[in-house]
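Reviewing the structure listed below.
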Amino acid sequence: MGNGTLTINLAALAENWSALDRHSAASVETGAVVKANGYGLGSARAAKTLAQAGARRFFVATAEEGAAVRGALGSGPEICVFGGHMRGDTEMIHDLQLVPMLNSIAQITRHAESLPGHPCGIQLDSGMNRLGLEAAEWSAIAEIALQLSPQLIMSHLACADEPDHPANAAQLAQFKSMTDGLSIPRSLSATGGILLGPEFHFDLTRPGIGLYGGLPFVDAKRVVGLSLPVIQIRDVAAGESVGYGYSWPAKAPSRIATLSGGYADGILRAISAGAQLYDGDIPCPLAGRVSMDLLTVDVTHLPEAPDSLDLLCDHQTMDALADCAGTIGYEILTSLGPRYTRRFVETP
């Protein structure tokens, strides 16, 4: 097989949802974020697994993503669209029974005029300055917006992965100031907010990255494994170099494995300086730069020539690999390319 194999443990995905669900009271609903094609793993399979685990409300970024999830889940589960009611999406929102999270006066107006009576939610800006109505806008339009009978009022934390950051308390206070006294379900927290504690939970939480095994949920089960096949192994003499730019000169006679996988598959070029692959428990360092379709790896120390090496495994999580690239686990996951053979595992 010429492509890498991406193993997705659906049982671990379900366990992570259940574990995050247990972090909040029984009265708090736990939704599930399946945007960006289920964080790169496949939104249809992810949504079905999470629905079986108990999720009844799902969140996507765009109406187009909502269409894919609706196709997987059928009627019943609620699918909320973070991007709201965009121009041109009215028919899709109506036909697929999507719930746009209206985030501006323009969107509130569009929804009221084009889909009166259709379910919606409201998104408020509690300090992130990204999406949502600011406090002054909300004060001016709240009476009109509430006539739409929103099913949910939400905001989003900017620094939830830093528990001691003062922005968390400030955003909590702002969100409460904007919504206290309303008899509408509220939501503030994704994975990081869930871990901040009960005062951040309100009526609904929206776990995302923690479902897929990423930080800040340190107790998450690993969901993703990535194994890359070896195409060729060659001997390299001391003083010879490997890969583009001759960036890796051999200091001694070496054996170099060339693997199928590169930045066209979402293996970030920035990991070239420090990532390793694994043959079982044995680390094997990258030798030279990540190229479009290939990696070169030093396997001199292995007792036998490997057929494949692991890039994501128990010894190198998505967050550890992200550290090598100077990025975050979210980017590692959502960069995973379409050429991988995706193998879904449904047992623990």
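Which one of these is under 22 Å from Asp293 (Cα atoms) and either surrounded by fewer than 19 Cβ atoms within 10 Å (Cβ to Cβ) or not basic (Lys, Arg) (or both): Gly225, Gly214?
Of the residues listed, the single one that is under 22 Å from Asp293 (Cα atoms) and either surrounded by fewer than 19 Cβ atoms within 10 Å (Cβ to Cβ) or not basic (Lys, Arg) (or both) is Gly225.
Does Arg56 count as surrounded by fewer than 16 Cβ atoms within 10 Å (Cβ to Cβ) and without any contact (Cβ under 8 Å) to a residue 40 or more places away in the chain?
So Arg56 passes the test.
Where in the range 90-195 are the helices (runs of 4 or more DSSP H), entirely inside, with at least 2 residues that are open to solvent by less than 10 Å² (accessible area, probe 1.4 Å) and either farther than 19 Å from Ile79 by Cα or in contact (Cβ under 8 Å) with a residue 24 or more places away in the chain (or both)?
Hits in the range 90-195: 105-114, 166-179.
Residues are listed down the side, and each one gets a yes or a no for (1) modelled with pLDDT under 95; (2) farther than 18 Å from Ala19 by Cα; (3) touching a Leu at 6+ places or on another chain (Cβ under 9 Å):
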residue: Leu146; (1), (2), (3): no, yes, yes
residue: Pro163; (1), (2), (3): no, yes, yes
residue: Gly192; (1), (2), (3): no, no, yes
residue: Pro207; (1), (2), (3): no, no, yes
residue: Pro229; (1), (2), (3): no, yes, yes
residue: Ala252; (1), (2), (3): no, yes, no
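Considering each of Gly71, Gly117, Gly127, Gly76 in turn, give the residue that is out of contact with any Cys (no Cβ under 7 Å at 6 or more places or on another chain) and modelled with pLDDT under 95.
When all the criteria are applied, what remains is Gly76.
Just give me the residues in the range 248-276 being part of a loop (DSSP other than H, G, I, E, B) and among the hydrophobic types (A, V, I, L, M, F, W, C), in sequence order.
Scanning the range 248-276 gives Ala250, Ala252, Ile267, Leu268, Ala275.
Inside the range 54-79, can you point out the residues that are within 14 Å of Leu204 (Cβ to Cβ) and more than 17 Å from the chain's Cα centre (by Cα)?
Gly54, Arg56, Pro77, Glu78
Return the pair list, or none, for Cβ contacts closer than 8 Å from residues in the range 1-30 that are over 30 Å from Val230 (Cα atoms) and in contact (Cβ under 8 Å) with a residue 12 or more places away in the chain to residues that are open to solvent by less than 20 Å² (accessible area, probe 1.4 Å) and of a type in the set (D, E, K, R), at least 6 apart or on different chains.
Between residues of the range 1-30 that are over 30 Å from Val230 (Cα atoms) and in contact (Cβ under 8 Å) with a residue 12 or more places away in the chain and residues that are open to solvent by less than 20 Å² (accessible area, probe 1.4 Å) and of a type in the set (D, E, K, R), there is no close pair.
Which residues, taken from the range 26-53, are open to solvent by 30 Å² or more (accessible area, probe 1.4 Å) and in contact with a Pro (Cβ under 9 Å, 6 or more places away or on another chain)?
Residue satisfying the conditions is Glu29 alone.
Evaluate the range 228-248: report whether one residue or more is surrounded by fewer than 22 Cβ atoms within 10 Å (Cβ to Cβ), closer than 24 Å to Glu346 by Cβ and within 23 Å of the chain's Cα centre (by Cα).
No, every residue in the range 228-248 fails to be surrounded by fewer than 22 Cβ atoms within 10 Å (Cβ to Cβ), closer than 24 Å to Glu346 by Cβ and within 23 Å of the chain's Cα centre (by Cα).
Just checking, does the range 259-276 include any residue being within 24 Å of Arg45 (Cα to Cα) and charged (D, E, K, R)?
Yes, the conditions are met somewhere in the range 259-276.
Of everything in the range 59-70 that's open to solvent by 10 Å² or more (accessible area, probe 1.4 Å) and outside any loop (DSSP other than H, G, I, E, B), which residue is farthest from Ala26 (Cα to Cα)?
Here the residue is Glu64.
When the residues of the range 71-82 are narrowed to those that are in contact (Cβ under 8 Å) with a residue 40 or more places away in the chain and open to solvent by 20 Å² or more (accessible area, probe 1.4 Å), which ends up farthest from His118 (Cα to Cα)?
Here the answer is Phe82.
Please identify the pairs in which a residue from the range 36-53 that is of a type in the set (S, T, N, Q) has its Cβ atom under 8 Å from the Cβ atom of a residue that is outside any helix (DSSP H, G or I) and open to solvent by less than 20 Å² (accessible area, probe 1.4 Å), counting only partners at least 6 apart or on another chain.
Short answer, once both residue conditions are applied: Ser43/Val34; Ser43/Val60.
Looking at (1) farther than 25 Å from Arg45 by Cα; (2) touching a residue at least 60 places away in the same chain (Cβ under 8 Å), find the lone condition where Asp319 falls short.
(1)
Considering the range 249-264 alone, what residues qualify as being open to solvent by less than 40 Å² (accessible area, probe 1.4 Å) and more than 18 Å from Gln316 (Cα to Cα)?
Scanning the range 249-264 gives Ala250, Ser254, Ile256, Ala257, Thr258, Ser260.
The values are calculated or read from the model by the stated rules, or taken from the named source; none is laboratory data. Predicted model only: the values in this text are computed from it and were never measured. Cβ coordinates were reconstructed from backbone atoms using ideal geometry, including for glycine residues, and neighbour counts include every protein chain displayed. The area values use the complete protein model at the heavy-atom level, side chains included, leaving out ligands, DNA and RNA. Shrake-Rupley method; radii C 1.70, N 1.55, O 1.52, S 1.80 Å.
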